[in-house]
1. Mind telling me which of the residues 147, 179, 225 ends up being under 15 Å from the mean Cα position of the chain (by Cα), more than 22 Å from residue 108 (Cβ to Cβ) and open to solvent by 60 Å² or more (accessible area, probe 1.4 Å)?
2. Can you tell me how many residues in the stretch 34-77 are in contact (Cβ under 8 Å) with a residue 60 or more places away in the chain and either more than 23 Å from residue 275 (Cβ to Cβ) or away from the ligand (no atom under 11 Å from the Cβ) (or both)?
3. Please work out if residue 303 is within 13 Å of the ligand (Cβ to nearest atom), surrounded by 15 or more Cβ atoms within 10 Å (Cβ to Cβ) and in a strand (DSSP E or B).
4. Please verify whether residue 118 is open to solvent by 40 Å² or more (accessible area, probe 1.4 Å) and hydrophobic (A, V, I, L, M, F, W, C), treating the condition exactly as stated.
5. Does residue 160 satisfy the condition of being more than 11 Å from the ligand (Cβ to nearest atom), open to solvent by less than 10 Å² (accessible area, probe 1.4 Å) and touching a Leu at 6+ places or on another chain (Cβ under 7 Å)?
6. Got a sec? Which of 223, 213, 249 is within 16 Å of the ligand (Cβ to nearest atom) and part of a loop (DSSP other than H, G, I, E, B)?
7. Looking at (1) open to solvent by 80 Å² or more (accessible area, probe 1.4 Å); (2) part of a helix (DSSP H, G or I); (3) in contact with a Ser or Thr (Cβ under 8 Å, 6 or more places away or on another chain), which is the one condition that is false for residue 199?
8. Take the stretch 20-33 and flag every residue that is touching a residue at least 60 places away in the same chain (Cβ under 8 Å) and of a type outside the set (Lys, Arg).
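The values are calculated or read from the model by the stated rules, or taken from the named source; none is laboratory data. Here the structure is a predicted model, which means the values were calculated and not measured. Positions of Cβ are backbone-derived with ideal geometry, glycine not excepted, and every protein chain shown enters the neighbour counts. Heavy atoms of the whole protein, side chains included, go into the accessibility calculation; ligands, DNA and RNA do not. Shrake-Rupley method; radii C 1.70, N 1.55, O 1.52, S 1.80 Å.
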Amino acid sequence: MDTIVLQDLKNIVSPERVIYKEPLSKHTTFKIGGPADYFVITKKVEETAAVIQYCNQRNLPILMIGNGSNLLISDAGLRGVVVKQEDNTKEFIVTTCEEGYLVTGGAGMNLSAFAMKIANESLTGFEFAAGIPGSLGGAVYMNAGAYGGEIKDCIRSARVLSKEGDILNLSREELELSYRSSMIQKKGYYVIDATFLFQKGEKEEILSKIEELNRARKEKQPLEYPSAGSTFKRPEGYFAGKLIMDAGLRGYRVGGAMVSEKHCGFVINTGDATAKDVLQLIDDIRRIVKEKFGVTLEPEVRLIGEKAMES
Ligand SMILES: Cc1cc2nc3c(=O)[nH]c(=O)nc-3n(C[C@H](O)[C@H](O)[C@H](O)COP(=O)(O)OP(=O)(O)OC[C@H]3O[C@@H](n4cnc5c(N)ncnc54)[C@H](O)[C@@H]3O)c2cc1C
């Protein structure tokens with residue numbers, strides 16, 4: 001342990017919000033991941049900026065996480081600093097403009113909570129995201145999407161922090177959002193909040209749409225098991241889940257990791273899966289699907305940490 005780094009981080013935020021060797025399995029929906037050297041919770045944008053600046057000056061690697069719902073973190077954990085923003089989770093601002101209603105939310109806010117607040121304002125356009133178990137920041141970073149909608153369709157701008165800790169306001173165009181990709185990924189920015197454009201709708205209709213989509217998720221997805229959602233991106237012209245099923249891999253296991261029997265596009269943790277198990281399973285799936293159908297599957301899940309990065 002570097003006691004100077006630990007003390008400095010405690011001075012920047014507050015002592016109880018810096019944890020040494022925090023198991024990241026506690027912060028991922030896969031329930032997998034070894035310890036982070038330093039796990040820091042920030043509550044204000046200024047704190048987040050100061051932590052980023054400090055890490056940058058000291059060459060300490062940083063991983064910002066949201067709800068950990070798209071992460072596979074190595075069993076060895078992560079060296080450096082993991083930052084989770086809880087600073088702005090309550091931020092929710094509605095204003096009007098010529099084109100409709102602008103809604104701003106903090107990066108740490110749950111997408112489902114954000115979607116419900118929008119619905120309660122009788123605003124339509126975010127129903128698609130209500131069942132995605134991520135944070136707003138993670139959703140912008142990933143350009144999350146479901147049921148025909150994407151963050152790209154409704155976002156107007158996002159405020160991000162650069163590695164130097166400067167705040168930049170990026171327009172929708174500057175964010176360069178495309179299928180599960182954004183300029184934020186390429187530049188290594190950190191999202192602090194985002195603003196969306198919505199229209200007035202019928203509250204009852206909006207709420208019933210959300211309910212309908214959540215029901216569909218429950219029926220089709222193995223939500224009863226830890227996972228990180230769809231393991232692979234959708235290959236052009238195919239569905240990853242169907243390819244995996246047709247390759248005869250339904251229920252295929254490596255250790256505690258298994259191809260879901262309910263939805264073959266999901267790798268699930270049946271209880272005691274390690275990152276190594278999941279990585280081996282991912283490799284096997286990719287190899288077999290490539291052999292049988294000539295299609296290369298690309299992971300959608302972010303593979304993070306020493307071992308994971310090698311795959
Ligand atoms: C059951 C289940 C269903 C899912 N369904 C869908 C779906 O329908 N559609 C879909 O698109 N995804 C889906 N996902 C995947 C996941 O929920 C999304 O990718 C989500 O947007 C990730 O958000 P997060 O806050 O959990 O990000 P994390 O998993 O914490 O992080 C993902 C990436 O974003 C980065 N990141 C997180 N927050 C920030 C920030 N503030 N600034 C900069 N970078 C940041 C992280 O460093 C990491 O690289 C599903 C996952 C599960 C478990």
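1. Values: 147 fails: under 15 Å from the mean Cα position of the chain (by Cα); 225 fails: under 15 Å from the mean Cα position of the chain (by Cα).
Only one candidate qualifies: 179.
2. Counting residues in the stretch 34-77 that are in contact (Cβ under 8 Å) with a residue 60 or more places away in the chain and either more than 23 Å from residue 275 (Cβ to Cβ) or away from the ligand (no atom under 11 Å from the Cβ) (or both) gives 12.
3. yes
4. Numbers: open to solvent by 40 Å² or more (accessible area, probe 1.4 Å): no; hydrophobic (A, V, I, L, M, F, W, C): yes.
Considered against the rule, which asks whether it is open to solvent by 40 Å² or more (accessible area, probe 1.4 Å) and hydrophobic (A, V, I, L, M, F, W, C), residue 118 comes out as no.
5. No.
6. Matching residue, one of 223, 213, 249: 223.
7. (2)
8. Residues of the stretch 20-33 that are touching a residue at least 60 places away in the same chain (Cβ under 8 Å), as a first pass: 22, 28-33.
Correct list: 22, 28, 29, 30, 32, 33.
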